[in-house]
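Participant: The structure that follows is given in the form of structure tokens.
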Amino acid sequence: MKPIIQVRNLVKQYGLKAALRGVQFEALPGEFIAILGPNGAGKTTFLRILSTLTRQTLGEIEVAGYRLPKEAASIRQRLGVVSHQPLLYGDLTAEENLLFYSKLYGLDRTQTRVSEMLELVGLSARRGDLVRTFSRGMQQRLSIGRAVIHEPEILLLDEPHTGLDQDACTMLDTLLQKVAANQRTVIMTTHDLARAENLASRFDILSRGRLLASAPRESIPGDGLLAFYRQVLEAPQTPEGGKSA
């Protein structure tokens, strides 16, 4: 099966600081990948590059058969993105925001699709309220509806559970499982290892801008993801960033 995402020797520099250092990464259609790592590891930078919000300094990236940054516009049509910014318009209602994005993606049955999304994320009763009146958690719910309204091939989520209450977290988990079950690729950064262990089919660990490990669920030792995560981060590193023998 051909990867839907291929990354080769990815480098991202901010001045003299390297946020990503020679990252090699592939994702297959239908994989649910949790990207784990401490603060400052480069997780958000990596997702921002994949989502076309930031350009790489060096390296080759291909998403759904298109290359970044040259073909970013074609890639955006195939992505759903949930980031720290909700990417919503505060002076529009919840319904108007989703109508705007559904038309942007050229969807048919826009009103029906918007109603389905509002029901899915539990905001039907607030469809006519301005988004600037919403709590952080409600805006996050709506941004999830925005991200999946066009049924993207790839869903990129940067700490998507932040600001959500328990009911909203459960809703999001159920939605992500449905997306993954439809052979769509999900890539999620998170600090919540227990949630990652319940959801993901693969676990990639970033630290100091380097990808130290990539392990499918079935290869995780019996003592669980947390023990594996600690083992990877505590292992001595070679100058190139891999684990030493």
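Every number in this text was worked out from the coordinates using simple rules, so none of it is lab data. Everything numeric here is computed off the predicted structure, so don't read it as measured data. In this analysis, Cβ positions are derived from the backbone assuming ideal geometry, glycine residues included, and neighbour counts consider all displayed protein chains.
Participant: Please go through the residue pairs K17/K43; K2/K103; K43/K103; K2/K70 and name each one whose alpha carbons sit more than 25 Å apart in this structure.
Facilitator: Over 25 Å Cα-Cα: K2/K103; K43/K103.
Participant: Turning to a different aspect of this structure: Considering only the other residues whose Cβ falls under 9 Å of the Cβ of I49, what net charge follows from Lys and Arg at +1 and Asp and Glu at -1? Please report the intermediate quantities before stating the final value.
Facilitator: Working: positive: K12, R48, R55; negative: none.
Combined, the nearby Lys, Arg, Asp and Glu give +3.
Participant: Using a Gaussian network model of the chain with C-alpha springs under 10 Å, which one of R136, R184, R230 is most mobile by mean-square fluctuation?
Facilitator: R230
Participant: Return the ratio Rg/(2.2 N^0.38 Å) for the stretch 7-112, where Rg is computed over Cα atoms only.
Facilitator: 1.24
Participant: Specify the residue with the greatest mean-square fluctuation among G65, G22, G145, computed from a Gaussian network of the chain linking alpha-carbon atoms under 10 Å apart.
Facilitator: Comparing G65, G22, G145 in a Gaussian network model of the chain, the most mobile one is G65.
Participant: Another question, if that's okay. Quick one: what does P(r) look like for the stretch 159-245 with 10 Å bins over all Cα pairs, in whole %?
Facilitator: 14, 44, 31, 10, 1
Participant: Add -39500 (n - 2.57) for each DSSP H run of 4 or more in the chain, then divide by its residues: what number comes out at 222 nm, to the nearest 500 deg cm²/dmol?
Facilitator: Result for the chain: -9500 deg cm²/dmol, rounded to the nearest 500.
Participant: Given a Förster radius of 30 Å and the C-beta distance between L226 and E26 as r, what FRET efficiency does 1/(1 + (r/R0)^6) yield to the nearest 0.05?
Facilitator: 0.75
Participant: Inverting the mean 1/r over all pairs of different Cα atoms, compute the Kirkwood radius of the stretch 100-151 and quote it in Å.
Facilitator: 11.2 Å
Participant: Can you pull the Kirkwood radius for the stretch 17-64, inverse mean 1/r over Cα pairs, to one decimal in Å? Please report the intermediate quantities before stating the final value.
Facilitator: Numbers: mean 1/r = 0.0832 Å⁻¹.
Hydrodynamic radius (Kirkwood, Cα only) of the stretch 17-64 equals 12.0 Å.
Participant: Any idea what the relative contact order of the stretch 36-144 is, in percent, if you count C-alpha pairs under 8 Å spaced at least 6 apart?
Facilitator: Averaging sequence separation for qualifying contacts and normalising by length gives 23 percent for the stretch 36-144.
Participant: Shifting gears a bit: Bin by bin, in steps of 10 Å, what percent of the Cα pairs in the stretch 57-121 do you find, going until the bin that has the longest distance?
Facilitator: All Cα pairs considered, the percentages come to 18, 40, 28, 13, 1.
Participant: What residues of the stretch 195-224 lie in the reach of a label at M1, counting those whose backbone N is under 16 Å from a point 7 Å from the Cα along Cα→Cβ?
Facilitator: It comes to 200-203, 215-219, nothing else.
Participant: Can you tally the net charge around K178? Count Lys and Arg as +1, Asp and Glu as -1, for every other residue whose Cβ sits under 13 Å from the Cβ of K178.
Facilitator: Around K178, the charge tally is -2.
Participant: Explain nothing, just the number: relative contact order of the chain, from Cα pairs under 8 Å at least 6 residues apart, as a whole percent.
Facilitator: Here the relative contact order equals 25 percent.
Participant: Follow-up. Principal axis extents for the stretch 86-205, Cα atoms only, whole Å, descending order, please.
Facilitator: Taking the Cα atoms of the stretch 86-205, the three principal extents are 39, 29, 20 Å.
Participant: List the aspartates and glutamates whose alpha-carbon lies under 14 Å from that of K178, not counting same-chain residues fewer than 8 positions away?
Facilitator: E31, E151, E153
Participant: P(r) for the chain: what percent of alpha-carbon pairs falls in each 10 Å bin, starting at zero?
Facilitator: 7, 31, 35, 20, 6, 1
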